[in-house]
Each structure stands twice: as C-alpha cells, then as structure tokens.
Ligand SMILES: Nc1nc2c(c(=O)[nH]1)N[C@H]1C(S)=C(S)[C@@H](COP(=O)(O)O)O[C@H]1N2
Ligand SMILES: [Mo]
C-alpha cells in the first residue's frame with residue numbers, strides 16, 4: 001500500500017497513508033499502555049492486574065440475567081469471551097483514538113486517558129485495592145497517552161510532508177516509531193507473562209499445600225469477644241484486608257519444595273529445615289495481633305490473625321544456643337532482616353515459625369511459605385516474611401534493616417487504643433456509641449476509657465479478649481448534645497499502666513498519644 005514514487009514530483013501524500021498510520025499509532029499506544037500496566041502489576045503484587053480488575057468489575061456490574069446468558073452462550077469459555085470482548089473494545093477505542101488524535105487532538109489522548117481512569121476505578125472497587133493497586137492503571141493511562149502523542153506527532157509530520165524526500169523520511173520515522181512501540185509492547189507483555197507464570201506456578205503450589213491439623217489448637221474465641229457494633233472492624237482480620245508492609249518491590253516467589261531455613265551463628269550445630277520438615281512438626285495455632293511501628297495513633301497498620309506454626313524456641317533448642325548470644329537476626333529471601341531479642345523467641349510467648357494464616361497457607365504477600373510471628377513486638381524487629389535464615393548473634397555485633405536506619409533496637413509494641421466508631425460525620429445528637437480496639441500484646445488490656453470533650457473518663461464495656469496477644473474491642477454509649485465534640489480513648493494494660501498521653505512520633509520506636517476524633521452531632 002505504500003507505493004513510493006521516486007523521481008517524479010509528488011503531490012501531498014494521500015490521506016489514506018496517514019490514516020493507516022494514525023490507526024496503527026492508536027493501537028500501538030494502547031498496547032504499550034496495557035503492557036506497562038500489566039508488567040508493573042506483575043512486579044508489584046501477585047493479586048494485582050488492571051485488566052483482570054476491569055474484568056472482575058464488569059462481571060460484578062453485569063446484571064444476573066446477562067451473566068446467565070453469557071454462561072449459557074460461552075459455557076466455561078465465558079472468561080475467555082469476556083477478555084476477548086474487552087480486547088476488542090480496547091482495540092476499537094484505540095483505532096478511534098489514533099484517528100482522532102491526528103484529526104482533532106487531543107481527543108485521542110482523552111479516549112486513552114479515559115481507559116486508564118476506568119482501570120483505576122475498577123482497581124479501587126476491588127477488595128485487594130490499596131495504595132499499590134492504583135499505580136498500574138495510572139501508569140497504563142499515562143504511558144498510552146504519551147506514546148500516542150509521540151506517534152501522532154510523527155504521523156502529522158508525514159501528513160505535512162510536501163517533498164518526496166520529506167515523505168520518505170517521514171514514513172521511515174513513523175515506521176521506526178510504530179514498529180519500536182509494537183516491539184516494546186510485545187516485550188512488556190512477554191515479561192509480565194513470565195512474571196505471572198512464576199507467580200501462577202507458586203500460587204498453584206500454595207493451593208496444593210495441605211496444612212496439618214494443629215497439635216495444639218488456638219485458644220477459642222470467647223463468646224462476646226466480637227461486639228455487635230456496626231462499623232467496628234472484624235475481630236479477626238481477613239487476609240485480604242490485612243495491612244501489608246514490606247520493602248519488597250516485587251513479592252518474592254518461593255517454591256515451598258525448594259525453601260530452606262538455616263539456623264546459623266552462635267549455635268552448637270547448624271540446622272537446616274525444609275518445608276516438609278516443618279509441616280511434620282507438632283504445629284500450634286494462636287491468635288496474634290500484628291502491628292507496624294509506623295502505625296500512627298489511630299492508624300490502621302494493625303491486624304489480628306490466627307497463625308499456625310511451630311514455636312521458634314523448639315528449632316533454636318535443636319540448634320543449641322551458645323552462651324553470650326542475645327539476638328536472632330532473621331533474613332528474608334530478598335535480603336531484608338530483623339533483629340529480635342533472643343528471649344522473645346525462647347520464652348513462653350510462643351513466637352512462631354508460621355505457615356498458616358486464618359486456616360490457609362500464608363498469602364504470597366504475607367510471607368509464603370514461612371514467616372515469623374512474635375507476639376508483643378512490632379513487625380520490623382520480628383515478623384520476617386519469606387524467612388530463610390535465623391542467625392543467633394549479639395546486638396553488639398550485628399544490626400538489621402531498620403535498626404541501621406535509625407529505628408529502635410528493641411521494638412516492644414506500645415499500649416494503644418483506637419476509635420473506629422463513629423466512623424462517619426455527622427452523627428445524630430443523643431446517645432452515640434463509641435467503639436474500637438485496644439491492644440497491649442503479650443501484656444494484655446485491663447480497661448478502656450472514653451472521654452467526651454473535657455469531661456470525666458468513663459469506663460467502656462470491654463469485650464473479652466482471645467488472649468493477651470490480641471487486641472480487644474470496647475464500646476460505650478455516650479450522650480452528645482448538638483454541636484462539635486472531641487471523643488478520646490485511653491487504655492490501661494494488665495499491669496495497671498495507663499496509655500501514655502504524651503504525643504510522640506512513630507520514629508524511633510512507635511507513636512504515643514491518645515486517639516481523639518472530632519465529631520459533629522446534629
Ligand atoms: N521480608 C520482609 N519481612 C517483613 C518486612 C519486610 O520489609 N520484608 N516488613 C516487616 C514489617 S515493618 C511489618 S510491620 C510486618 C508486616 O507484615 P504484613 O505485611 O504481613 O502485615 O512485616 C515485617 N516483615
Ligand atoms: Mo512495620
């Protein structure tokens with residue numbers, strides 16, 4: 001179709017030429033955008049994909065009868081049909097975008113940008129949504145628009161070419177740009193397929209893991225531990241809602257059959273443990289509330305789960321600890337490390353080498369196949385995910401990832417409490433329920449008090465706790481007159497120590513201060 005007439009005087013190139021290139025530009029721009037979003041998602045997290053988020057949002061949004069009709073029509077190929085349909089829609093929009101970007105800029109950019117925005121909305125509507133989840137669709141939209149503009153500029157140059165030389169040069173420039181873009185899209189798609197393939201493989205291995213029945217079951221959840229207050233987070237946090245904090249840009253993907261844990265350092269004999277070895281041990285289950293040192297007062301970097309694992313002290317006993325050691329440096333597959341006081345791993349608190357979370361193998365994001373869970377310590381000094389080595393050593397000799405960066409050497413969780421309800425403003429004046437959680441892991445909570453403005457501290461109803469290692473819910477009805485009010489909460493631990501009122505930042509060893517919220521009663 002690209003006949004070049006060399007030698008003769010060439011009039012304006014036929015618009016058909018540029019139309020074809022404009023359409024190709026739109027398709028390539030969309031393809032590079034989608035590839036960029038998928039690749040970023042594959043790197044960031046196994047449970048993120050803008051394309052599948054859009055697909056899932058479509059599935060959720062489609063009315064039941066349409067869903068039934070689609071299943072009747074396509075049977076088990078319904079998901080493939082949906083993806084094909086989405087690809088067709090994106091391709092049609094890309095064709096239109098390429099064409100319009102040439103004729104009526106920036107209409108084409110707007111179309112591709114709108115697709116990025118749709119991906120963003122879809123991702124935000126998924127339960128796995130989090131801050132990380134927004135990056136891939138945003139990247140997809142931005143990349144697609146930038147590529148489209150760059151390609152359209154070259155196509156426009158070609159359209160404006162007046163001499164045969166200019167037409168030839170313009171065509172070569174467009175061909176190089178469009179071809180280069182297509183190659184980048186293919187490469188990005190291939191790379192994300194490889195990354196996904198590795199994750200899919202390990203996800204399948206994870207699904208195949210059969211966790212043993214615990215030799216010691218978790219303490220039962222006492223009746224009434226979960227208060228029937230609307231808006232209060234569940235007592236046990238579902239894995240999908242559990243906060244995730246780590247330095248891993250891409251989630252380590254570990255084949256459990258190849259996983260090894262080595263115990264080294266100041267030990268009588270080094271020990272190496274396989275996943276099968278670990279599953280064969282008498283495992284025990286316990287509820288532990290995990291908290292991040294970066295959790296601000298009132299923040300949500302805290303969650304409570306039922307962990308299945310083998311007490312770390314059993315493993316350390318097998319290795320035999322030499323005198324003088326006071327710390328265990330645990331290292332993850334991706335090189336992160338935590339320094340945990342030896343006694344927290346050997347005392348009776350049941351620090352676990354955990355393989356299960358709420359009855360399932362650990363999610364990839366939460367450390368599959370094995371992580372540490374130590375009641376009473378912030379995650380940065382204890383909760384190593386994807387753990388591969390425990391080195392028995394001394395605080396005087398070695399440091400860990402965050403302690404090298406100015407965070408406290410020991411990281412006991414600070415006694416704290418949070419108001420979750422009322423979560424919305426304004427509230428109706430009159431009787432208002434104030435409710436939330438309080439925690440002092442490994443010590444336990446003995447009382448929670450609530451205050452309205454500068455009034456008296458009133459004892460809240462404290463729900464029974466699962467154990468000293470878990471948070472406890474509280475609630476208290478208070479009377480609010482119309483107008484603005486400050487609601488505050490404070491907790492008292494099992495030793496009678498009252499929560500510190502002094503405001504201190506999260507650095508270096510955890511925030512203190514009282515959680516106070518401002519509500520308006522109408
Ligand atoms: N390998 C690894 N493990 C890690 C971290 C990390 O960055 N890398 N972060 C720690 C921190 S700071 C916290 S608060 C907990 C969070 O665990 P979660 O993501 O399962 O909630 O994991 C800990 N374990
Ligand atoms: Mo953390």
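Each value in this text was obtained by applying a stated rule to the coordinates, not by laboratory testing. All values reported here derive from a predicted model rather than from experimental measurement. Neighbour counts are summed over all protein chains in view; Cβ atoms, including those assigned to glycine, are modelled from backbone coordinates with ideal geometry.
Against the longest principal axis of the chain, how steep is helix 107-125, in degrees 0 to 90 to the nearest 10, with axes from Cα atoms?
Taking the Cα atoms of the chain, the angle to 107-125 is about 20 degrees.
First obtain the Kirkwood hydrodynamic radius of the chain from its Cα pairs, then insert it into the Stokes-Einstein equation at 4 °C and 1.567 mPa s, and state the resulting D in µm² per second as a whole number.
Translational diffusion coefficient: 49 µm²/s.
log₁₀ I(q)/I(0) of the stretch 239-405 at q = 0.11 Å⁻¹, via Debye over equal Cα point scatterers, no solvent, to two decimals?
Log10 of I(q)/I(0), two decimals: -0.39.
How would the stretch 8-195 be classified by its alpha-carbon gyration tensor: rounded, prolate or oblate, with rounded meaning a/c under 1.5 and the a/b versus b/c comparison settling the rest?
Prolate, since a/c reaches 1.5 and a/b exceeds b/c.
Taking the 0 to 90 degree range and rounding to the nearest ten, how far is the long axis of helix 78-103 tilted relative to the main principal axis of the chain, both from C-alpha atoms?
50 degrees
Give me Rg over Rh for the stretch 416-521, both radii from the alpha carbons and Rh done the Kirkwood way, two decimal places.
Dividing the radius of gyration by the Kirkwood radius yields 0.98.
In what order do 245, 466 fall by count of nearby beta-carbon atoms within 10 Å, going from fewest to most?
In increasing order of surrounding Cβ atoms, one gets 245, 466.
Over all directions, what mean area does the Cα convex hull of the stretch 129-196 project, stated in square nanometres?
So the Cα hull casts an average projection of 5.2 nm².
When ranked by the protection proxy of mean other Cβ atoms within 10 Å per residue, highest first, what sequence do the peptides 473-485, 94-106 form?
Result, highest mean Cβ count within 10 Å first: 94-106, 473-485.
Can you put 74, 275 in order of Cβ neighbours within 10 angstrom, beginning with the fewest?
74, 275
Sorted from fewest to most neighbouring beta carbons within 10 Å, what does the list 420, 486, 326 look like? Please report the intermediate quantities before stating the final value.
Values: 420 20, 486 13, 326 16.
The most exposed by this proxy come first: 486, 326, 420.
When the helix-only estimate is applied to the chain (DSSP H runs of n ≥ 4, each -39,500 (n - 2.57), divided by the residue count), what is the mean residue ellipticity at 222 nm, nearest 500 deg cm²/dmol?
It lands at -12500 deg cm²/dmol.
Highest mean first, what order results for 405-412, 495-502, 260-267 on Cβ atoms within 10 Å? If you can, show how the numbers build up before the last one.
Values: 405-412: 16.2, 495-502: 12.4, 260-267: 17.9.
Packing proxy ranking, top to bottom: 260-267, 405-412, 495-502.
For the stretch 55-108, I need the span (max minus min coordinate) of the C-alpha atoms along each principal axis, in Å, sorted largest to smallest.
Ordered largest first, the stretch 55-108 gives principal extents of 42, 18, 15 Å.
Normalized C-alpha radius of gyration of the stretch 312-471, against 2.2 N^0.38 Å?
1.29
To the nearest 10 degrees, how steeply does helix 164-208 sit against the main Cα axis of the chain, on a 0 to 90 scale?
The angle comes out at about 30 degrees.
Can you order the peptides 220-227, 446-453, 185-192 by their average number of other Cβ atoms within 10 Å per residue, highest first?
Those peptides, ordered most packed to least, come out 446-453, 185-192, 220-227.
In whole Å, what three semi-axes, largest first, describe the equivalent ellipsoid of the stretch 228-285 built from its Cα gyration tensor (square root of 5 times each eigenvalue)?
Values: eigenvalues 223, 61, 34 Å².
Working from the Cα gyration tensor, I get semi-axes of 33, 18, 13 Å.
Does the stretch 470-516 come out rounded, prolate or oblate, given a ≥ b ≥ c as the square roots of the eigenvalues of its C-alpha gyration tensor, rounded meaning a/c under 1.5 and, failing that, prolate meaning a/b above b/c?
oblate
Output the relative contact order of the stretch 183-296, whole-number percent, from Cα pairs under 8 angstrom with separation of 6+ residues.
36 percent
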